[in-house]
1. Applying the selection to the range 30-46, what residues are touching a Pro at 6+ places or on another chain (Cβ under 9 Å) and crowded, with 16+ Cβ neighbours inside 10 Å?
2. Looking at (1) under 13 Å from residue 92 (Cα atoms); (2) touching a helix residue (DSSP H, G or I) at 6+ places or on another chain (Cβ under 6 Å); (3) free of Cβ contacts under 8 Å to residues at least 60 places away in the same chain, which one does residue 74 not meet, given that it meets all the others?
3. What is the one condition in (1) in a loop (DSSP other than H, G, I, E, B); (2) more than 14 Å from residue 15 (Cβ to Cβ) that residue 42 does not satisfy?
4. Where residues in the range 47-83 are of a type in the set (Ser, Thr, Tyr) and in a helix (DSSP H, G or I), which of them is least open to solvent (accessible area, probe 1.4 Å)?
5. List the number of the failed condition for residue 26; all other conditions in (1) surrounded by fewer than 18 Cβ atoms within 10 Å (Cβ to Cβ); (2) out of contact with any Lys or Arg (no Cβ under 7 Å at 6 or more places or on another chain); (3) modelled with pLDDT under 95 hold.
6. So residue 17 ticks every box in (1) at positive phi; (2) open to solvent by 40 Å² or more (accessible area, probe 1.4 Å); (3) in contact with a helix residue (DSSP H, G or I) (Cβ under 6 Å, 6 or more places away or on another chain) but one. Which box is left unticked?
Amino acid sequence: MDRIRTVSGTGPVFVDSNAIGHCAFEINVYKDPEGRVRGRGHVMGESTILGKISAGQRVEIGEGDNGKRFALVAGEWSPGDRRIDVETGPDIIH
């Protein structure tokens with residue numbers, strides 16, 4: 001897969017459509033040989049917020065307070081950690 005850009009910043013986090021706080025994120029965006037776009041990276045923040053991300057059904061993060069939201073799929077997380085690995089779909093590109 002070819003990396004096509006990195007998307008990073010801070011913004012509000014929504015779990016199941018409820019705002020739960022702000023986190024920072026850094027996501028590398030890749031395009032595979034078939035042309036599909038996906039992102040892999042991490043979200044950093046308070047452990048209590050990351051715990052809610054880990055347990056959430058539908059997780060979104062916004063680029064800035066009024067920015068576009070994109071969906072996240074959370075990876076493994078351990079209580080107390082201040083970082084969680086995430087993956088995104090093509091909605092990371094806008």
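The values are calculated or read from the model by the stated rules, or taken from the named source; none is laboratory data. Small disclaimer: the values here were computed from a predicted structure and weren't measured. All Cβ positions, glycine included, derive from the backbone under ideal geometry; neighbour counts span all protein chains shown. Surface accessibility is based on the protein's heavy atoms, side chains included, excluding ligands, DNA and RNA. Shrake-Rupley method; radii C 1.70, N 1.55, O 1.52, S 1.80 Å.
1. If the condition is that a residue be touching a Pro at 6+ places or on another chain (Cβ under 9 Å) and crowded, with 16+ Cβ neighbours inside 10 Å, then 37, 38, 39 are the ones that fit.
2. Among (1) under 13 Å from residue 92 (Cα atoms); (2) touching a helix residue (DSSP H, G or I) at 6+ places or on another chain (Cβ under 6 Å); (3) free of Cβ contacts under 8 Å to residues at least 60 places away in the same chain, residue 74 violates only (1).
3. Failing condition for residue 42: (1).
4. My answer is 47.
5. All conditions are met except number (3).
6. (3)
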